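To start, the structure itself, in structure tokens.
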Amino acid sequence: MSRVVVVTSGKGGVGKTTTSASFSTGLALKGYKVAVIDFDVGLRNLDLIMGCERRVVYDFVNVVQGEASLQQALIKDKRVPNLYILAASQTRDKDALTLEGVEKVIEDLKEAGFDYIVCDSPAGIEKGAQLALYFADEALIVTNPEVSSVRDSDRILGILQAKSKRAENGDAPIVEHLVLTRYNPARVETGEMLSVEDVIDLLSVKLLGAIPESEDVLNASNAGSPVVLDENSAAAQAYNDVVDRFLGEEIEHRFLTVEKKGLFKKLFGK
Amino acid sequence: MALLDYLIGQRKKKSANVAKDRLQILLAHERSERNTPDYLPKMREEILAVISKYVDIDQDKLQISVDEADGFEVLELNLVLPENH
């Protein structure tokens, strides 16, 4: 059975697209058939983060408007089998998406045998963000340990609970998962950053994983390769844990405390 | 210096704690507003218009809220009348 997962946050720049790219790549690496859709019409970026920006011929809006078939618009990832990207339109205005059109695309993807349909939401709480979450079964709430991000996440949680298809039909609510990104354990220890416990406490959402602040994320974006593929990176390992936990595995949380450096590493390490 | 920083640090509240306290208050407030019915602001305006016909009141003096108490939804109106009335 297919599951629709929205990656959302309210606030911009917290790591939605980075998370969408790594999460969908991670799921595909596990053998699932995954489609990841960029809902940010007019400001598309998922294609760039996933390194397929030069292969976009048709986009999400073309499919919704009936100008291209889904098969024509889905871009097959070159690194990971079973992973497909549906880019947002860069030229159309954001009203080009309709509820019926989005529903049709999601239904067609389900029929085509996709196990997971990951919806990368735009920032904000406007139409694009509402459409991205409307059909969701599960939600990844991407949050930075910072006041404005926590506040906006709380706002988007309210919308998930009130304005989704599941809420309107009175079905079981969307399953909410917290993904805390740009986490810096050293600053948490000195009392300068909200801790995972603080954010869980404030938002009352179960933690799926904390992604440590890492230079590897920018390097991965520069290269157009989801950071989850950079096996030596702590951020990649954290994203892999997120995928495993999402699939139901019980894995202890890591990267929550400062790594204790031995004398050798203190002297010679970076 | 480290010792001095340590002592100062003990006295000054950590910024993360300040952040958490502020967010707790703010989120509680915003969540209660989120649960109010959509018609409330319009209804408030109309009630004010009716009252203004008879009494000269300050627009800010009418407080209106929907709460839940003992399983009942309670619509609470709170209006302070001017003193010389």
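The values are calculated or read from the model by the stated rules, or taken from the named source; none is laboratory data. What you see is a predicted model; the values in this text were computed from it and never measured. Positions of Cβ are backbone-derived with ideal geometry, glycine not excepted, and every protein chain shown enters the neighbour counts. In case anyone asks, the SASA skips ligands and DNA or RNA and just uses the protein heavy atoms, side chains included. Shrake-Rupley method; radii C 1.70, N 1.55, O 1.52, S 1.80 Å.
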Query - Rough spin-label spacing in nm, given labels placed 7 Å along Cα→Cβ, for A:GLU100 and B:GLU83 - result: 6.4
Report task. Sort A:35-42, A:84-91 for me by packing, meaning the mean count of neighbouring Cβ atoms within 10 Å per residue, highest on top. Result -> A:35-42, A:84-91
Report summary line: Interface residues of the range A:132-169, defined as losing at least 10 Å² of accessible area versus the chain alone with a 1.4 Å probe, are A:VAL147, A:VAL150, A:ARG151, A:ASP154, A:ARG155, A:GLY158
Query raised in the report: Which value in nm describes the separation of the simple spin-label points at B:GLU46 and A:GLU250, placed 7 Å from the Cα toward the beta carbon?
Result: 5.6
Query - Under 19 Å from the B:SER15 label point (7 Å along Cα→beta-carbon), backbone N, the range A:170-210 - result: A:181-199
Query raised in the report: For the protein assembly as shown, what is the mean residue ellipticity at 222 nm derived from helices alone (per DSSP H run of n ≥ 4: -39500 (n - 2.57); sum divided by total residues; nearest 500 deg cm²/dmol)?
Result: -13000 deg cm²/dmol
Query raised in the report: Rounded to the nearest 20 Debye, what is the dipole magnitude of the range B:36-85 about its Cα centre when Lys and Arg each give +1 and Asp and Glu each give -1 at the C-beta?
Result: 260
Query - Relative contact order, percent, chain A [alpha-carbon distance under 8 Å, six or more residues apart] - result: 24
Query raised in the report: Carbon and sulfur together cover what percent of the accessible area of the protein assembly as shown at a 1.4 Å probe radius?
Result: 50
Query raised in the report: What residues of the range A:46-83 lie in the reach of a label at A:GLU111, counting those whose backbone N is under 19 Å from a point 7 Å from the Cα along Cα→Cβ?
Result: A:60-75
Report summary line: Taking the alpha-carbon centre of each part, the distance from the range B:29-52 to the range A:72-90 in Å is 47
Query raised in the report: In whole percent, what relative contact order does the range B:36-85 give with Cα contacts below 8 Å and a gap of six or more residues?
Result: 32
Query raised in the report: Which whole number gives the average count of other chain Cβ atoms within 10 Å of the Cβ atoms across peptide B:18-30?
Result: 4
Query - Accessible area expressed per residue, the range B:36-85, with surrounding protein chains retained (probe 1.4 Å, Å²) - result: 85
Query raised in the report: Of the peptides A:134-143, B:17-26, B:73-82, A:96-105, how do they stack up when ordered by the mean number of other Cβ atoms within 10 Å, highest first?
Result: A:134-143, A:96-105, B:17-26, B:73-82
Query raised in the report: Which of the pairs A:LYS110/A:LYS163; A:LYS16/B:LYS14; A:LYS260/B:LYS13; A:LYS16/B:LYS13; A:LYS165/B:LYS42 have their Cα atoms more than 24 Å apart in this structure?
Result: A:LYS16/B:LYS14; A:LYS260/B:LYS13; A:LYS16/B:LYS13; A:LYS165/B:LYS42
Query raised in the report: So what is the accessible area of chain A per residue, in Å², with the probe set to 1.4 Å?
Result: 46
Report summary line: Chains A and B: accessible area buried, summed over both chains, 1.4 Å probe, nearest 100 Å², reads 1300
Report summary line: A student applying the Cα gyration tensor rule (rounded when a/c is under 1.5; otherwise prolate if a/b is larger than b/c, oblate if not) would label the range A:1-140 rounded
Query raised in the report: Where both partners of a DSSP beta bridge lie in the protein assembly as shown, what percent of those bridges are antiparallel, to the nearest 5?
Result: 25
Query raised in the report: Which distance in Å, rounded to a whole number, links the C-alpha centroids of the range A:1-55 and the range A:99-173?
Result: 13
